[in-house]
1. Do the conditions hold for A:LEU181, that is, is it under 20 Å from the mean Cα position of the chain (by Cα), modelled with pLDDT under 95 and closer than 24 Å to A:ALA261 by Cα?
2. Residue by residue through the stretch A:154-188, note down the ones that are under 17 Å from A:GLY139 (Cβ atoms), within 15 Å of the ligand (Cβ to nearest atom) and either touching a residue at least 60 places away in the same chain (Cβ under 8 Å) or within 11 Å of chain B (Cβ to nearest Cβ) (or both).
3. Count, please, the residues in the stretch A:68-97 that happen to be more than 14 Å from chain B (Cβ to nearest Cβ), open to solvent by less than 10 Å² (accessible area, probe 1.4 Å) and more than 14 Å from the ligand (Cβ to nearest atom).
4. State all residues of the stretch B:150-179 that are out of contact with any Ser or Thr (no Cβ under 7 Å at 6 or more places or on another chain), at the interface with chain A (Cβ under 7 Å from one of its Cβ atoms) and either part of a helix (DSSP H, G or I) or under 17 Å from B:ILE18 (Cα atoms) (or both); if no residue qualifies, say none.
5. Given the conditions (1) among the small types (Gly, Ala, Ser); (2) over 28 Å from A:ALA9 (Cα atoms); (3) surrounded by fewer than 21 Cβ atoms within 10 Å (Cβ to Cβ), report the number of the one that A:SER277 does not fulfil.
6. Any chance you could count how many residues in the stretch A:207-234 are under 30 Å from B:VAL41 (Cα atoms) and either within 16 Å of the ligand (Cβ to nearest atom) or surrounded by fewer than 18 Cβ atoms within 10 Å (Cβ to Cβ) (or both)?
7. Got a number for residues in the stretch A:145-172 being at pLDDT 95 or above and either open to solvent by 10 Å² or more (accessible area, probe 1.4 Å) or in a strand (DSSP E or B) (or both)?
8. Could you check the stretch A:1-25 and list, in sequence order, the residues that are at the interface with chain B (Cβ under 8 Å from one of its Cβ atoms), open to solvent by 40 Å² or more (accessible area, probe 1.4 Å) and at pLDDT 95 or above?
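The values are calculated or read from the model by the stated rules, or taken from the named source; none is laboratory data. Everything numeric here is computed off the predicted structure, so don't read it as measured data. We place every Cβ from the backbone using ideal geometry, glycine too, and count neighbours over all the protein chains shown. Areas reflect the complete protein model, heavy atoms only, side chains present, ligands, DNA and RNA absent. Shrake-Rupley method; radii C 1.70, N 1.55, O 1.52, S 1.80 Å.
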Amino acid sequence: MTDRTPGFATLAVHAGAQPDPTTGARATPIYQTTSFVFNDADHAASLFGLQAFGNIYTRITNPTTSVLEERVAALEGGTAALATASGHAAQLVVMQQLLMPGDEFIAARKLYGGSINQFTHAFKSFGWNVVWADPDDIGSFQRAVTPKTKAIFIESIANPAGSITDIEAIAEVARNAGVPLIVDNTLATPYLIRPIDHGADIVVHSLTKFLGGHGNSLGGIIVDAGTFDWSKDGKYPMLSEPRPEYHGLKLQETFGNFSFAIACRVLGLRDLGPALSPFNAFLLMTGIETLPLRMQKHCENAKAIAEFLSTHKAVSAVNYSGLASSKYNALARKYAPKGAGAVFTFSLKGGYQAGVDLVSNLKLFSHLANVGDTRSLVIHPASTTHSQLDDAQKTAAGAAPDMVRVSIGIEDKEDLIADLDEALGG
Amino acid sequence: MLNRMNHDAYPDSYIRAILNGVKTIAVVGASPLNVRPSYFVFKYLAERGYDMIPINPGQVGNSLLGKPFVASLRDIDRPVDMVDIFRASAHVMPIVEEALALTPQPKVIWMQIGVRNDDAAARAEAAGLQVVMNRCPKIEYGRLSSEISWMGVNSRTLSSKRAPAPVKGMRLSLDRASVAGGDTAASDRATRPRSGTS
Ligand SMILES: Cc1ncc(COP(=O)(O)O)c(C=O)c1O
């Protein structure tokens, strides 16, 4: 049998899945069960001791979920993955393996607002201290490194404005600092950008968005690139030291280049508990089968709509890195040559009230707080998610009163353009 | 095997042929402690039907999962197909020399994750043996059979065929289509110096 490298679309359909051993079912069955019987006491002991591969309890592994995990690992070019109940849960589980109370991590200032909240408040209460840096100024990451730094966290395509991060430059900073680079690849998906190819050590996703793609299931995932040596200087005791939870087992020594994924599973999922439901895993993996087709359409539509808006008389500015006028266009061409994604922002000449009116006039675009659905979505942050802030705070948070964010779906672009044109007052 | 193998990246076909071909495996440095990687490997391969022999001079008189410990390769009473080495790289050469002195000679020298001795490998290859370094046979078996997929590990294999459900003592089929043209997924990258960002 020859070793050839299948293409992305083949992996999106096949990776991780094979006909069910018992029934021959070709689609991956939904193993909606909490637990799995042991063959005998010795088998049980082997599984609990991590000596055998197999299933014990769905909080730790599940045969439906493991298909999703292997598929995303294959698409990202990682050694292993594990799914979580949401994107936020994935971030929590990753940081639990890396940080002890009093440690620091550096995060890009341009992130999904929910991640900014999680890092600023929830993580702070665990004693994990975020230090912010500006992805448009690589030197700010370098300057933020201290002896307490344990990781760097960025988004490949950053929410909300769809700006592109220079992953390789920040990977260099991480390598020099001896810490792993974590990339949230939610808005790009591995179809557009594979961060591991650019130096990422860990990739996280909210599967809730484009990977699942149909706006029907929450989920998250962590992908281990297998690139980081956790044992070299004792900074990562969860991986390098004997674990009392497993009677002195050392995870990197035992599991080699997928030990980070194992740590997330047996120390994170097992003890914190944010497992994905097998039913959600089924819906998310079904979505992934069409990821390449959907992303092509999302990007084609987004570009057409960004171009339309940039010539519209009611619009003052469009921030889409796929447009030649964007300051991120060179980075977009380098990192995302197949398309710059489908989430972007634009500003309205009519200010705050024009934003409120646009959202209420649209008939096909749905007004809600999500991205990455088959359906086109819109939100006016100033009157919704950021309404509690004053105007200066809104602008600083990237939610200026005149700014609207869209996530372009896979409908016919002519219909989306007509909807926008009419809602903007022709 | 006259040509030296590229020990940075093994084709799956190479690993698959070794794991399909060998029957008796001597584990040098086998530990009776059930949290040590050597114990994991010994137990797993025994359950997959291999005839396993634990080697550890400090444990002679005891047994590992019913198999008596022996002091050295010389003390084994039957032909050995593969020698799996759980010793630091610097201690590998004498073990390989001992293996080459056996009649019949083993067919394969396997060094575990983190163990690599290119001089010892060259010596074994010159004598016609196959060599694998810095890999784990348990992980490779689990990967090529896709059993390791239960843990969300990227097996880098695809198959549209129905597989029998694994039960104790069963040899699993390793004949799935491989995805990677070369470097096996399971253990090479963490221990290699990182190449620049590409
Ligand atoms: C870029 C990004 N990361 C993480 C998340 C959090 O994911 P979840 O809502 O699945 O917890 C989101 C959700 O909007 C997101 O857009």
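1. Taking the combined requirement at face value, the residue does not satisfy it.
2. Matches in the stretch A:154-188: A:THR165, A:ILE167.
3. Residues that pass the stated criteria total 1.
4. The one that is out of contact with any Ser or Thr (no Cβ under 7 Å at 6 or more places or on another chain), at the interface with chain A (Cβ under 7 Å from one of its Cβ atoms) and either part of a helix (DSSP H, G or I) or under 17 Å from B:ILE18 (Cα atoms) (or both): B:ASP175.
5. It fails just one condition, (2).
6. 6
7. 17
8. A:THR10, A:HIS14 - these are the residues of the stretch A:1-25 that are at the interface with chain B (Cβ under 8 Å from one of its Cβ atoms), open to solvent by 40 Å² or more (accessible area, probe 1.4 Å) and at pLDDT 95 or above.
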